[in-house]
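Novice: Attaching a single structure in structure tokens format; questions to follow.
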Amino acid sequence: MSALSQIRKINKRMPTLLPGIILLLILVIPPTLGRPFLDLELTQISSSRINIPPGAEYPLGTQSEGRDMLTILILGTGATLKIGLIAGAIGLAVGAILGMISGYFGGFIDKTISAIVDSFITIPPLAILILIAAATKTMSIEGMGIIVALTAWMQPTRIIRSQMLSMKERNYIRLAKLSDMGSIKIIFTEILPNLIPFLAAAFVNGVSTAILSSIGLEVLGLGSQQTLSLGMTIYYANYYSAMWRGIWWWWLPPVIVIVLIFIALFLISLSLDEIGNPKFNRL
Amino acid sequence: MSIKYLSKRILVFIVTIILAVTINFFIPRLTPQNPVAALVGKMVSKGITVVDSDAIVQKYTEQFGMNDPLPVQYFKYLKNVILHGDLGYSISYFPGKVTDVIIRAIPYTVIIMIIANVIAFVVGNLLGALCVWKKSPKLVKGVVYFMMPFSTIPYYILALILLYLFAILLPIFPIGGVSTAGSAGGFSFKAIWDTVSHAVLPILSVVLSLIGFWALSMRGIMATVLGEDYLMYAQARGLKPGRIFFSYAVRNSLLPQITAFGIDIGKIISGSILVEIVFNYPGVGMVLYNALRTADYFVIQGVVMFIVVSVALTMLIVDLILPKLDPTIKYE
């Protein structure tokens, strides 16, 4: 009962958090918990008859290479989210470390790190990603995650740095410094726990940026060839002119899932922003 | 604006370009083979017939001194690109030049981009500002909340949805290209409408997404500005609401938005060239797509250079305009 009232309280303060998380869970469960129930054979080329519209036998039909759309869609959702998760985690780790160092120590280190972040934010990341992806021969989902992580660390660094700057001026941190606690210990035991909401916001931001970049690369055909992600599914649908041929069940489902992923992440980040900027509550 | 500031900004611009050329040079050379021979081999393995492949390899080896030590190659490359604007030959259009292939595509991309960005910036900021303005109708708020989710969806995905809705399900707009095949051209009303109608959907895919983006951040800035004392003072002086809104509130809120435009232009440009692929619009994005399909690496590099140069140029312009708009900024 108390857990329920707790949830109700959070929901009142951040009304978009719960819908976002539920939406995301609906998308995450099939490729993770549902995986044992999937027939992986059906993702193979010519495992089924081609171009069958959605019906009893194939709930979402099959595409022109003879793959079952429902299985592809579920696995693709998992692959796309995995890319986002890997890149988001790398981005968060790099961003948190750089941001904390930059904000805590200040001075020359801060200036250097900030300059690097600023220049990376302005250089269009997709341009560099295209060069790297075009130069590498084969690409896996994990490799994709690592490459797009290049675009996902700047925003976390900025968020954490600015929080660090305000945090270190607080009285309890001054007290900890006066009582001769080491810098590392202060950062980890006194500051880090207070940064958790901002780390969460930075993580969601990183995941969303990474998925955006990965889809940018994939629609150019630079995605993983081994596992079909949502972006690659759309690339092949485009490649085989699915839209002109009226095979809407090939390109529309991945488009809808991508839109749902971005809306879910948007709802979550909107609620996390609310913690950071309570000013919006008035609107 | 002092000469010193001007020259410093131009220096940053030049450094960015050199940086981009450097990245362009080194990434393909991380592999040990002769990059040109490797690329031609890769294209042949993709089943693309390369005419005169030996001639291409030889021409490149000569022009870029592939047999020279790496630093010598690098400076030759730098000189070729920056002084002569020469990015080499396209492999699939050999002996066509990379720059010719790209320059042919640039007008389409630039026109679409300018129109889309101007519409989105004006409408988005106006909606965002009206959203927190007390006297504005409820409808504005509704529109802004409706547009917000669009700001998170990639332009490419929006383009696919728009194409399906307004060119296939309801065939209002053409499905792609710049003009109907065999249209007369010239300046008749029909020809102009033909060109415009082909550009509507590509522009709309970028505009829909950007309006939400600008409205969202404008809403936040405007909320802060509305709490400032000078706004209350303006009200106390009995100024007309319209004047308070535009000359006091919006004008001051716009400055951070223009800075944000400079920061985000990279994302906007690289996102919107992907839209061209959906609509088969013959701009730089389409060139990139075709070059990737045929592994025409030098054209890919050229497109990357185009993206970097146009972003750097936009940022230079923003930085030069900003001090004119904001008298509190004094650049040394």
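Just so you know, all these numbers are worked out from the coordinates, no wet-lab data involved. Treat the numbers as computed from the prediction; the structure is a model and nothing was measured. Cβ placement follows ideal geometry from the backbone for every residue including glycine, while neighbour counts extend to all protein chains displayed.
Novice: Let's test the formula: R0 of 56 Å, r as the Cβ-Cβ distance of A:ASN11 and B:GLN58. What FRET efficiency results, to the nearest 0.05?
Specialist: 0.20
Novice: Please report how far the C-alpha centroid of the stretch B:275-296 lies from that of the stretch A:161-239, rounded to the nearest whole angstrom.
Specialist: 32 Å
Novice: Taking amide H positions as placed 1.01 Å from N in the peptide plane, with prolines and chain starts having none, which residues 5 or more places from A:THR62, or on another chain, fall under 5 Å of its amide H?
Specialist: A:ASN51, A:ILE52, A:MET69
Novice: So who's got an amide H within less than 5 Å of the one on B:LYS97, skipping anything under 5 residues away but keeping other chains? H placed 1.01 Å off N, in plane.
Specialist: HN-HN under 5 Å from B:LYS97: B:SER90.
Novice: Here's something else I'd like to know. For B:LYS76, go through the aspartates and glutamates and keep the ones whose alpha-carbon is under 16 Å away, minus same-chain ones fewer than eight residues off.
Specialist: In chain and number order, the partners are B:GLU62, B:ASP68, B:ASP86.
Novice: Something else: To test your reading of the geometry: what angle, between 0 and 90 degrees and rounded to tens, separates the Cα axis of helix A:17-32 from the longest principal axis of chain A?
Specialist: Tilt of helix A:17-32: around 50 degrees.
Novice: Give me the dipole magnitude in Debye, nearest 20, for chain A about the Cα centre, with unit charges on the beta carbon: positive for Lys and Arg, negative for Asp and Glu.
Specialist: Rounded to the nearest 20 debye, it is 920 debye.
Novice: What order do you get for B:HIS84, B:HIS198 when you list them from fewest to most C-beta neighbours inside 10 Å?
Specialist: In increasing order of surrounding Cβ atoms, one gets B:HIS84, B:HIS198.
Novice: With label points built 7 Å along Cα→Cβ from the Cα atoms of A:ILE97 and B:GLN73, find their separation and express it in nm.
Specialist: Between A:ILE97 and B:GLN73, the simple spin-label model gives 3.2 nm.
Novice: Can you tell which of A:ARG13, A:ARG49, A:ARG170 shows the greatest fluctuation in a Gaussian network model of chain A with Cα springs below 10 Å?
Specialist: Residue with maximal mean-square fluctuation among A:ARG13, A:ARG49, A:ARG170: A:ARG170.
Novice: Please report, ordered by residue number, every helix of chain B (full DSSP H runs) that is 30 Å or longer along its axis going by C-alpha atoms and whose mean Kyte-Doolittle hydropathy reaches -1.0.
Specialist: Membrane-span-like by this rule: B:3-26, B:98-132, B:189-226, B:251-279, B:297-325.
Novice: Give the order of A:GLU65, A:GLU218 when sorted by the count of other beta carbons within 10 angstrom, beginning with the fewest.
Specialist: Lowest count first: A:GLU65, A:GLU218.
Novice: Given the C-alpha centroids of the stretch B:231-256 and the stretch B:129-202, what is the distance between them in whole angstrom?
Specialist: The distance from the Cα centre of the stretch B:231-256 to that of the stretch B:129-202 comes to 32 Å.
Novice: Next question, about the same structure. For a footprinting-style exposure proxy, rank B:THR224, A:THR189, A:THR43, A:THR151 by other Cβ within 10 Å, fewest first.
Specialist: So the ranking, lowest neighbour count to highest, is A:THR189, B:THR224, A:THR43, A:THR151.
Novice: May I ask for the equivalent-ellipsoid semi-axes of the stretch A:68-276, computed as the square root of five times each C-alpha gyration tensor eigenvalue and listed largest first in whole Å?
Specialist: 39, 18, 12
Novice: What's the lysine pair count for chain A at a Cα cut-off below 17 Å, pairs eight or more apart or interchain?
Specialist: Lysine pairs, 8 or more places apart or on different chains, close enough: 4.
Novice: What's the average, rounded to a whole number, of partner chain beta-carbon atoms within 10 Å of each residue's beta-carbon in A:130-143?
Specialist: Average neighbour count from other chains, rounded to a whole number: 4.
Novice: Here is a further query. Once you put a point 7 Å from the Cα of A:LEU33 and another 7 Å from the Cα of B:THR328, both along the Cβ direction, what distance in nm separates them?
Specialist: It works out to 5.2 nm between the two label points.
Novice: Further question on the same structure: Apply 1/(1 + (r/R0)^6) to the Cβ-Cβ distance of B:ILE82 and A:THR138, taking R0 = 41 Å, and write down the FRET efficiency to the nearest 0.05.
Specialist: That pair, B:ILE82 with A:THR138, gives E of 0.75.
Novice: Identify all lysines with a Cα-Cα distance to B:LYS79 below 29 Å; exclude those on the same chain that are fewer than 8 residues away in sequence.
Specialist: Excluding near neighbours in sequence, the set is B:LYS4, B:LYS8, B:LYS42, B:LYS59, B:LYS97, B:LYS267.
Novice: Could you work out which residue, out of B:GLY227, B:GLY96, B:GLY176, moves most in a Gaussian network model of chain B, that is, has the largest mean-square fluctuation with Cα springs under 10 Å?
Specialist: B:GLY227
Novice: Helix A:125-135 versus the longest principal axis of chain A: what is the Cα-based angle in degrees, 0 to 90, to the nearest 10?
Specialist: Helix A:125-135 sits roughly 50 degrees off the main axis of chain A.
Novice: Okay, moving on. Please list, short to long, the whole-number percent of alpha-carbon pairs of chain B in consecutive 20 angstrom bins beginning at zero.
Specialist: That works out to 25, 48, 23, 3, in percent per bin.
Novice: In degrees from 0 to 90, rounded to the nearest 10, what is the angle of the helix A:2-13 Cα long axis to the longest principal axis of chain A?
Specialist: For helix A:2-13, the angle is close to 90 degrees.
Novice: Using only alpha-carbon positions, what ratio does the radius of gyration of the protein assembly as shown give when scaled by 2.2 N^0.38 Å?
Specialist: So the protein assembly as shown has a normalised radius of gyration of 1.03.
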